[in-house]
Amino acid sequence: MEYRGDVGIWGQEMIRGKKCTATSRPLLLVTFFYSLNLAKTKFLSEFSVKCCCFFSQTRPNISRNNSSMNLLNRLVGLGSPRAVETMNSTAAQEPDDDTPAPGQQFAQFGAGCFWGVELAFQRASGVTKTEVGYSQGSLHNPSYEDVCSGTTHHSEVVRVHYDPNECSYKTLLDVFWTRHDPTTMNRQGNDVGTQYRSGIYYYTPEQEKEARESLEQQQKKLNRKIVTEILPAKKFYRAEEYHQQYLEKGGRFGFKQSASKGCSNPIRCYG
């Protein structure tokens, strides 16, 4: 029988009719399942992202698919060299040192899938630009796949550029609270994972003060405890270009949604 290269060492031994010894069986077992997970991960990355989203109104949770792989990596000492080298990168933990345009200020929020959150801020008067990206994690220059693995602790965030003479920080906070459920830990609707956590990431002491006061006011309106984290804004990694203004450009199904100022049309989170 011809070996096709997808079943690992243990599978090769079985195909060739050889017996696994008592001492070799544990290693062969781990290697066999490791090989299966490699094949599964490759399949999911190419197929699930494209097709699973179509059948459910949520993005696929890649972190669930990789959980068994992460366990095997810890057991046998395997893993991505890039992740090993940069997981504890201090660069990712540094403050966001980008500079807004003259007369502009930054604000940064995490409120679940950044596609719909960005569109909500795009519609706010006084907001001049929005960017989606990753922040608050431990990996330098992460990709979307890195963040979805559930191992980098990044949050999907929207960095808002706004004119404080036309848009107050309080207005942005109102958009933030209205857009999501701040009482669900690491989850918004069907999207589950640490990257979907609720967070306000401030750039100035004034923003921090307003954020904490706003949280206290919101808590009085709700029966469940708010789990929103309020932390200094850290290094912002701009997401891949296809994520930027995703819903305005048409989303998954090509249904363009208005980003006009003051628009109150319902936001279809996935296009």
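Each reported figure results from applying straightforward, stated rules to the coordinates on display, with no laboratory input. Computed from a prediction, not measured in an experiment: that's the story for all the values here. Quick reminder, even Gly has a Cβ in these numbers, built from the backbone with ideal geometry, and neighbours come from all protein chains shown.
Between PHE253 and GLU166, what length in nm is gained on full extension when 0.36 nm per residue of separation is reduced by their alpha carbon distance? Provide the component values of the computation, followed by the final result.
Numbers: separation 87, 0.36 × 87 = 31.32 nm, distance 3.40 nm.
Full extension of this stretch gives 27.9 nm more.
When the chain is fully extended, how far beyond the present Cα-Cα distance does SER125 get from TYR242, taking 0.36 nm per residue of separation? Write down the numbers at each step before the final one.
Numbers: separation 117, 0.36 × 117 = 42.12 nm, distance 2.44 nm.
Full-extension gain reported as 39.7 nm.
Sort 129-136, 100-107 by the packing proxy (mean of other Cβ within 10 Å over each peptide's residues), most packed first. Walk me through the numbers on the way to the answer.
Values: 129-136: 22.1, 100-107: 15.2.
So the order, starting with the most tightly packed, is 129-136, 100-107.
7 Å from Cα along Cα→Cβ at both GLN93 and GLN217: what's the point-to-point distance in nm?
Taking the two extended label points, one gets 3.4 nm.
For a quick size check, give me the Cα extents of the range 140-271 along its three principal axes, largest first, whole Å.
Result for the range 140-271: principal-axis Cα extents of 39, 37, 30 Å.
Could I have the simple spin-label model distance between MET185 and GLU145, label points 7 Å from Cα toward Cβ, reported in nm to one decimal?
3.1 nm
In the structure displayed, which of LYS129/LYS170; LYS129/LYS256; LYS129/LYS234; LYS234/LYS261 lie more than 24 Å apart, Cα to Cα?
Numbers: LYS129/LYS170 17 Å; LYS129/LYS256 18 Å; LYS129/LYS234 19 Å; LYS234/LYS261 28 Å.
The answer is LYS234/LYS261.
How much length would be gained if the chain were fully extended between ALA101 and THR204, taking 0.36 nm per residue of separation minus their Cα-Cα distance, in nm to one decimal?
Working: separation 103, 0.36 × 103 = 37.08 nm, distance 1.62 nm.
The span from ALA101 to THR204 would gain 35.5 nm if fully extended.
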